[in-house]
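Below is one structure; the comments refer to it alone.
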Amino acid sequence: MKAYDIIIKPLLTEKSYADIPNKKYTFFVDVNSNKTEIKLAIEEIFKVSVAKVNTLNVRGKLKRQGKTQGYTAKQKKAFVQLTADSKPIEFFDSLK
């Protein structure tokens with residue numbers, strides 16, 4: 001799997017904005033990826049050094065439309081902590 005297939009998009013919420021000064025970033029990642037793959041993908045794409053990766057599996061929500069019902073797609077979040085001597089990710093610098 002390529003690095004750009006693993007990292008889907010950044011997760012931009014109030015809580016994730018609060019962690020940006022601490023060099024902690026949040027991303028939606030591929031459901032089948034593991035922590036090692038996520039770490040290598042972040043290092044390859046953004047040219048930074050990653051200290052730690054935490055992941056969270058999110059179940060799909062039950063949605064109803066009249067009599068029919070179904071589930072939204074499941075997702076996986078990755079919380080990436082950079083090392084202290086690493087440069088910050090430039091994409092998030094413009095969002096502060």
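The values are calculated or read from the model by the stated rules, or taken from the named source; none is laboratory data. All values derive from a computational prediction rather than experimental measurement. Because the Cβ atoms are built from the backbone with ideal geometry, glycine has one as well, and the counts that use them run over all protein chains shown.
Only one of these is surrounded by 11 or more Cβ atoms within 10 Å (Cβ to Cβ) and in contact with a Pro (Cβ under 6 Å, 6 or more places away or on another chain): F92, F27. Name it.
That would be F27, the only listed residue that is surrounded by 11 or more Cβ atoms within 10 Å (Cβ to Cβ) and in contact with a Pro (Cβ under 6 Å, 6 or more places away or on another chain).
Looking only at residues that are among the β-branched types (V, I, T) and more than 25 Å from E14 (Cβ to Cβ) in region 32-76, which one is surrounded by the fewest Cβ atoms within 10 Å (Cβ to Cβ)?
If we take residues in region 32-76 being among the β-branched types (V, I, T) and more than 25 Å from E14 (Cβ to Cβ), then T68 is surrounded by the fewest Cβ atoms within 10 Å (Cβ to Cβ).
Could you look through region 3-20, keep only residues that are free of Cβ contacts under 8 Å to residues at least 24 places away in the same chain and over 12 Å from V80 (Cα atoms), and pick out the one that is surrounded by the most Cβ atoms within 10 Å (Cβ to Cβ)?
I8
Quick one: L56 ticks every box in (1) over 22 Å from E90 (Cα atoms); (2) assigned to a loop (DSSP other than H, G, I, E, B); (3) of a type in the set (A, V, I, L, M, F, W, C) bar one, so which box is it?
(2)
Can you tell me which of (1) out of contact with any helix residue (DSSP H, G or I) (no Cβ under 6 Å at 6 or more places or on another chain); (2) in a helix (DSSP H, G or I); (3) closer than 15 Å to S16 by Cα is the one L40 doesn't meet?
(3)
Taking region 62-87, which residues are out of contact with any strand residue (DSSP E or B) (no Cβ under 9 Å at 6 or more places or on another chain) and part of a strand (DSSP E or B)?
The first filter runs over region 62-87 and keeps only residues out of contact with any strand residue (DSSP E or B) (no Cβ under 9 Å at 6 or more places or on another chain), leaving 65-68, 73, 85, 87.
Once the filter is applied, which keeps residues that are out of contact with any strand residue (DSSP E or B) (no Cβ under 9 Å at 6 or more places or on another chain) and part of a strand (DSSP E or B), region 62-87 yields Q65, T68.
What number of residues within region 61-96 satisfy the criterion of being within 17 Å of the chain's Cα centre (by Cα) and at pLDDT 95 or above? I'd like the intermediate steps shown before the answer.
From region 61-96, those within 17 Å of the chain's Cα centre (by Cα) are 73-83, 88-93, 95; that's our starting set.
Now restrict to residues that are at pLDDT 95 or above: 73-83.
Count: 11.
For N32, only one of the following conditions fails: (1) in a loop (DSSP other than H, G, I, E, B); (2) modelled with pLDDT under 95; (3) not aliphatic (A, V, I, L, M). What is its number?
(2) is the only condition that N32 fails.
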